[in-house]
Every structure is written in C-alpha cells, then in structure tokens.
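A.B. asks: Just dropping this structure here.
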Amino acid sequence: MTTDAKILSALRASPDGVSGEDLAEQLDISRAAIWARIEELRRLGYEIEAGPHFGYRLVSVPDVLHADDLLARLYQTKIIGRDIRVFEQTTSTNDVIEKLARDGVKEGVVVFAESQTRGRGRLGRKWISPAYKGLWFSILLRPELRPQETTQLTVASATALCRAIQAETGLNPEIKWPNDVWVNGKKVAGVLTELSAELDRVKHVILGIGVDVNLGTGEFPADLRQQATSLKLEAGRAISRADLAAAILRELDHDYLRVCIGQFTKVADEWEARCQTIGRDVTIQIGGRRVQGRAESLGESGELLLRTEHGHLERIGGGDVTLEK
Ligand code: BT5
C-alpha cells in the first residue's frame with residue numbers, strides 16, 4: 001500500500017480522528033511527511049480536518065476515482081483490485097488492459113477511466129462514457145477455464161454488480177441475459193467480456209464493465225433515453241462512485257473465486273433468482289440467426305437453455321435478447 005492509501009485507511013478506521021503522532025508511528029515516517037501527504041490529499045479534494053484534540057479527521061471525500069484510495073478500501077480482496085490504475089481519459093479501458101496482458105501483468109489488475117473516447121459494447125457497438133458520471137473500467141483475469149466456460153465470468157460479473165448496486169443504492173437490480181443489469185425496466189450497466197484463447201485454453205479474459213452512476217437524462221443521447229437510465233435517476237440521489245467501485249470490486253473478487261474453485265452453481269443460483277429472462281418467451285438474435293422460444297434455465301457454463309418453438313432445447317452462448325410480452 002502507498003503512503004496515501006495507508007493514511008486514508010487509518011483515517012477511515014478512526015472516524016473520531018487520529019493524531020499526527022500515531023499516524024507517524026503506524027506508518028513509520030516523520031510527522032512532517034504525514035503533514036505533506038495530508039496537504040496533497042486536501043489538494044485532491046479530500047476534506048481532512050485538523051485540530052489539537054482529535055488530530056486528523058476525514059470529513060468528506062471528493063467524487064473522483066483515486067487509485068490509492070480504492071486500494072486502501074480493498075486491502076482484503078484476494079485477486080481483483082490488488083493493482084488499480086486510474087486514467088483521466090482512454091480510448092477504451094479494454095484496450096489498456098489488452099496491452100497490460102501482453103506485457104505479462106498479473107491477473108486482477110483494474111483500469112478505470114474517468115472518460116472513454118471509444119468505449120464499446122459487444123459487436124463493436126458504441127458505449128457512451130461521459131466524464132465523472134459513471135464507472136468505466138476493465139479487469140484482467142487469467143482463469144483456468146476452457147473458452148466456452150468464460151460465459152461463467154460474465155454471469156458472475158452480473159451477480160456481483162447486482163449485489164453491490166443493491167447494497168450502495170437500495171435499488172433492486174435485475175439481470176437480462178447475458179450481460180445487462182437493469183433497474184426499473186431500463187439498462188444501468190453492461191459487461192463486455194473479451195478473451196484471448198487457444199483452441200482449448202484461455203490465455204486471458206478482459207472483463208469490461210460500464211455502470212451509469214450519476215448521469216442526468218440530458219447526458220444520454222436522445223435515442224437511448226427510453227432504454228437506459230442511471231442509478232442517480234432511479235435512486236433520486238447522487239451515488240458515491242468510489243464507494244460503489246470498491247463494493248463492486250469486492251463482490252467481483254468474491255464471485256471470481258467461486259468460479260475458480262468450481263462453485264459456479266452457487267453463482268448460477270443467485271443469477272437465476274435475479275434474472276428476469278428465465279421463464280419468459282424471448283426472441284434471440286445471434287448474428288444473422290433469430291430463434292424464438294422460452295428461456296428455461298442457465299446451463300452449467302452460463303449458457304441460456306432455450307426451449308424453442310419446435311420443442312428442442314438449444315444451448316445459446318451469446319446474443320441479443322428481446323423479451324416477448
Ligand atoms: C454492453 O454491450 O452492454 C457492454 C458495455 C461495456 C462497457 C464497458 S465500459 C468499460 C469497458 N471499456 C469499454 O470500451 N467497454 C467496457 P451491449 O450489450 O452491446 O450494449 C451496447 C448498447 O447499449 C449500445 O448499442 C447502446 O444501445 C446502449 N448503450 C450505449 N451506451 C450506454 C450507456 N452508457 N448506458 C446504457 N446503454 C448504453
């Protein structure tokens with residue numbers, strides 16, 4: 001952990017304040033060095049009160065993503081979030097992770113961007129990513145899975161996102177297979193899973209996640225307003241992006257471990273309970289093909305089991321779902 005991360009976690013651990021002397025002792029640096037770091041944190045927008053009786057006290061944190069601060073909150077995760085990098089702007093955070101993957105960086109690294117100039121969805125679709133309004137981030141994973149099993153990670157991401165969003169906002173998110181998180185009938189988050197694989201072995205997976213946190217209606221293009229919303233619009237209050245980011249990474253770490261140790265069925269049960277697609281009549285567009293039927297359940301690799309209109313059970317690995325009335 002960096003010095004800033006240690007200071008922030010010490011301040012969080014003592015909401016009533018902690019003395020400069022105690023901080024200096026805990027971190028094994030001088031009081032002057034502590035003071036200099038506190039000044040720097042204040043410059044970044046952290047409101048830190050100082051007084052003779054309580055020492056230093058964290059009053060409020062700015063609505064910016066700060067890698068050290070996120071690290072400080074995530075010291076207990078096993079894989080995801082041990083290394084966090086925040087960029088002011090990128091093309092797509094998936095591109096940055098792709099480069100890190102090629103450079104041999106360890107799995108679990110997370111890249112956030114305050115804005116993306118070329119954020120993308122599946123099939124090269126555009127993902128709008130306005131500055132400071134959402135969480136636009138990607139994670140590098142190197143799981144021991146076969147390529148067809150990586151749908152498990154998309155499923156795990158959706159369940160983790162739902163738990164974190166519910167805990168931080170009180171909203172009740174639902175999942176639309178395979179990668180959408182919805183609130184009150186509109187999309188608030190999506191997952192883009194990209195993988196590099198050999199025939200039978202995954203080399204790495206990039207999970208790209210976009211969450212519409214504090215966008216106002218005007219920040220969505222007119223053609224998206226019917227189908228997309230933000231947590232702020234639905235909850236009726238601004239949501240702390242840093243709190244939500246930390247919660248999501250914690251939940252993702254938990255679900256990723258469940259997948260790694262062969263407990264995908266537990267994730268799948270939770271997923272099915274949240275999934276509004278199961279039990280519904282749907283039309284699925286898979287490239288140029290269109291299939292219709294009833295979504296029956298989730299298969300053991302995260303695929304959708306669809307009872308087609310002709311009575312066959314089809315395993316669908318990916319596609320765009322439209323719910324029939
Ligand atoms: C997704 O694709 O839902 C995956 C989105 C993943 C975005 C993240 S952001 C960080 C990382 N870096 C990237 O470059 N991407 C990932 P899909 O199911 O194909 O949905 C895309 C469709 O959603 C678009 O065609 C629009 O209709 C709609 N859309 C675009 N921007 C949106 C937004 N901010 N919120 C809700 N819907 C949006």
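The values are calculated or read from the model by the stated rules, or taken from the named source; none is laboratory data. Not measured: the values here are computed from a predicted model. As a convention, Cβ positions derive from the backbone with ideal geometry for all residues, glycine included, and neighbour counts pool all protein chains shown. These area figures cover heavy atoms from the full protein model, side chains too; ligands, DNA and RNA do not enter into them. Shrake-Rupley method; radii C 1.70, N 1.55, O 1.52, S 1.80 Å.
A.B. asks: Can you go through Leu233, Leu215, Leu207, Leu224 and tell me which one is touching a Ser or Thr at 6+ places or on another chain (Cβ under 7 Å) and open to solvent by 40 Å² or more (accessible area, probe 1.4 Å)? Talk me through it step by step, then tell me what you get.
C.D. replies: Details: Leu215 fails: open to solvent by 40 Å² or more (accessible area, probe 1.4 Å); Leu207 fails: open to solvent by 40 Å² or more (accessible area, probe 1.4 Å); Leu224 fails: touching a Ser or Thr at 6+ places or on another chain (Cβ under 7 Å).
Going through Leu233, Leu215, Leu207, Leu224 in turn, the sole match is Leu233.
A.B. asks: Also, quick follow-up: Could we say that Ile239 is among the aliphatic types (A, V, I, L, M), away from the ligand (no atom under 11 Å from the Cβ) and either assigned by TED's automatic domain parsing to the domain that holds Leu304 or in a loop (DSSP other than H, G, I, E, B) (or both) here?
C.D. replies: Working: among the aliphatic types (A, V, I, L, M): yes; away from the ligand (no atom under 11 Å from the Cβ): yes; either assigned by TED's automatic domain parsing to the domain that holds Leu304 or in a loop (DSSP other than H, G, I, E, B) (or both): yes.
Against the criterion (among the aliphatic types (A, V, I, L, M), away from the ligand (no atom under 11 Å from the Cβ) and either assigned by TED's automatic domain parsing to the domain that holds Leu304 or in a loop (DSSP other than H, G, I, E, B) (or both)), Ile239 qualifies.
A.B. asks: Among the residues of the stretch 44-99, count how many are among the small types (Gly, Ala, Ser), part of a loop (DSSP other than H, G, I, E, B), under 24 Å from Asp253 (Cβ atoms) and out of contact with any helix residue (DSSP H, G or I) (no Cβ under 7 Å at 6 or more places or on another chain).
C.D. replies: Restricting attention to the stretch 44-99, the residues satisfying the condition of being among the small types (Gly, Ala, Ser) are 45, 50-51, 55, 60, 67, 72, 81, 92.
When the remaining residues are screened for being part of a loop (DSSP other than H, G, I, E, B), the result is 45, 81, 92.
Those still in the list that are under 24 Å from Asp253 (Cβ atoms) too: 81, 92.
Next cut, out of contact with any helix residue (DSSP H, G or I) (no Cβ under 7 Å at 6 or more places or on another chain) only: 92.
Total meeting the criteria: 1.
A.B. asks: Can you tell me which residue in the stretch 85-108 is nearest to Leu233 (Cα to Cα), limited to those that are in contact with a Lys or Arg (Cβ under 7 Å, 6 or more places away or on another chain) and more than 6 Å from the ligand (Cβ to nearest atom)?
C.D. replies: Thr91
A.B. asks: Of Val188, Val155, which residue is in contact with a helix residue (DSSP H, G or I) (Cβ under 7 Å, 6 or more places away or on another chain), open to solvent by less than 10 Å² (accessible area, probe 1.4 Å), assigned by TED's automatic domain parsing to the domain that holds Gln226 and not in a helix (DSSP H, G or I)? Spell out how you get there, then give the answer.
C.D. replies: Numbers: Val155 fails: not in a helix (DSSP H, G or I).
Only one candidate passes the filter, namely Val188.
A.B. asks: I'm checking my understanding of the structure. Among residues of the stretch 176-185 that are modelled with pLDDT of 95 or more and open to solvent by less than 20 Å² (accessible area, probe 1.4 Å), which one is nearest to the ligand (Cβ to nearest atom)? Step through it out loud before you land on a result.
C.D. replies: Taking the stretch 176-185 first, the residues modelled with pLDDT of 95 or more are 181-184.
Narrowing the set further to residues that are open to solvent by less than 20 Å² (accessible area, probe 1.4 Å) leaves 181, 183.
Details: Val181: 9, Val183: 11 Å.
By that ranking, first place goes to Val181.
A.B. asks: In the stretch 114-127, which residues are open to solvent by less than 50 Å² (accessible area, probe 1.4 Å), outside any strand (DSSP E or B) and in contact with a Leu (Cβ under 7 Å, 6 or more places away or on another chain)?
C.D. replies: Of everything in the stretch 114-127, just one residue is open to solvent by less than 50 Å² (accessible area, probe 1.4 Å), outside any strand (DSSP E or B) and in contact with a Leu (Cβ under 7 Å, 6 or more places away or on another chain), namely Gly121.
A.B. asks: Also, quick follow-up: In this structure, does Gly287 turn out to be in the same structural domain as Ala158 (by TED's automatic domain parsing) and exposed (fewer than 15 other Cβ atoms within 10 Å of the Cβ)? Reasoning before the result, please.
C.D. replies: On the way: in the same structural domain as Ala158 (by TED's automatic domain parsing): no; exposed (fewer than 15 other Cβ atoms within 10 Å of the Cβ): yes.
Criteria not met by Gly287.
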